[in-house]
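Everything on this sheet refers to the single structure shown next.
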Amino acid sequence: MTIRKFLAISAAAMLLPLAAPALAQSALRVGATVTDPQGSTVGTISAIDGTTLMLRTDRHEVRLPVSSFTATDSAVLFGMTQAQLNTAVEQAEAQAAQAFALGTILRDSAGTVVGPVTALDTETVTVQIDANIVRVPRTALAAGQGGLVIGATRAQLQAASVPAPPAQPAPTQ
């Protein structure tokens, strides 16, 4: 599960109309079936880690805030249907994929512009910071408004950067 998916789905889940009272611990456990308010299966809890849990639907495994669920002694309820959750995940993935492009602006955890994306591969993203570059794992980035976001500060990235290679002159004909 990527940070992008977590952030997008977490934001969507926070908007759910389902209240989240104190969770009944007997129902909130790994292996529990999660249902929507109409009683249809949404998925199964595959892991619980403090304030988040992993929910496996028929197509995705999604990390969501525990506060998005209502647990009783016999059930765990979620405010979206399985189809709605799958659609939200797929929309978040599509938005994230579009954000990973040359020229996309990277912002730090405070919203400060770090610089543009200058290179991409399957695992890393290279970003220009002034006259330097820094390579960061794709998994450290999330799609944000108008570009990408990273949890580090610009200063931290600047400290980890190296001088950019000199520009190669264009071939003459």
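Only a single criterion out of (1) of a type in the set (A, V, I, L, M); (2) open to solvent by 70 Å² or more (accessible area, probe 1.4 Å); (3) in contact with a His (Cβ under 6 Å, 6 or more places away or on another chain) is not satisfied by Ala167, namely (3).
Matching residues to (1) part of a helix (DSSP H, G or I); (2) of a type in the set (A, V, I, L, M, F, W, C):
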site: Leu85; (1), (2): yes, yes
site: Val89; (1), (2): yes, yes
site: Ala96; (1), (2): yes, yes
site: Gly103; (1), (2): no, no
site: Leu106; (1), (2): no, yes
site: Ala110; (1), (2): no, yes
site: Ala119; (1), (2): no, yes
site: Thr126; (1), (2): no, no
site: Leu157; (1), (2): yes, yes
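For first residues located in segment 80-97 and among the small types (Gly, Ala, Ser), partners that are modelled with pLDDT of 85 or more and not in a helix (DSSP H, G or I) and lie 6+ apart or on another chain with Cβ distances below 6 Å form the pairs Ala96/Ala143.
Given the criterion open to solvent by 70 Å² or more (accessible area, probe 1.4 Å) and farther than 30 Å from Glu61 by Cα, identify the matching residue among Ala159, Ala110. Among Ala159, Ala110, only Ala159 is open to solvent by 70 Å² or more (accessible area, probe 1.4 Å) and farther than 30 Å from Glu61 by Cα.
Of everything in segment 113-123, what is under 19 Å from the mean Cα position of the chain (by Cα) and open to solvent by 30 Å² or more (accessible area, probe 1.4 Å)? Give them in sequence order. Even if it seems obvious, please write down each step before you answer.
Going through segment 113-123, the residues under 19 Å from the mean Cα position of the chain (by Cα) turn out to be 117, 120-123.
Once the filter is applied, which keeps residues that are under 19 Å from the mean Cα position of the chain (by Cα) and open to solvent by 30 Å² or more (accessible area, probe 1.4 Å), segment 113-123 yields Leu120, Asp121, Thr122, Glu123.
In segment 136-155, which residues are free of Cβ contacts under 8 Å to residues at least 40 places away in the same chain and closer than 19 Å to Thr112 by Cβ? Residues satisfying the conditions are Val136, Gln145, Ala155.
Pick from Gly79, Gly151, Gly144: which is small (Gly, Ala, Ser) and surrounded by fewer than 12 Cβ atoms within 10 Å (Cβ to Cβ)?
Working: Gly79 fails: surrounded by fewer than 12 Cβ atoms within 10 Å (Cβ to Cβ); Gly144 fails: surrounded by fewer than 12 Cβ atoms within 10 Å (Cβ to Cβ).
Residue meeting the stated conditions: Gly151.
Quick check: is even one residue across segment 60-69 out of contact with any Lys or Arg (no Cβ under 7 Å at 6 or more places or on another chain), among the charged types (D, E, K, R) and at pLDDT below 95? Scanning segment 60-69, I find at least one residue that is out of contact with any Lys or Arg (no Cβ under 7 Å at 6 or more places or on another chain), among the charged types (D, E, K, R) and at pLDDT below 95, so the answer is yes.
The values are calculated or read from the model by the stated rules, or taken from the named source; none is laboratory data. Everything numeric in this text was worked out from a predicted model, so none of it was measured. Please note: Cβ atoms are built from the backbone with ideal geometry, for glycine as well, and neighbour counts cover all protein chains shown. For the accessible areas, the whole protein counts, side chains as well, though only heavy atoms, and no ligand, DNA or RNA atoms are used. Shrake-Rupley method; radii C 1.70, N 1.55, O 1.52, S 1.80 Å.
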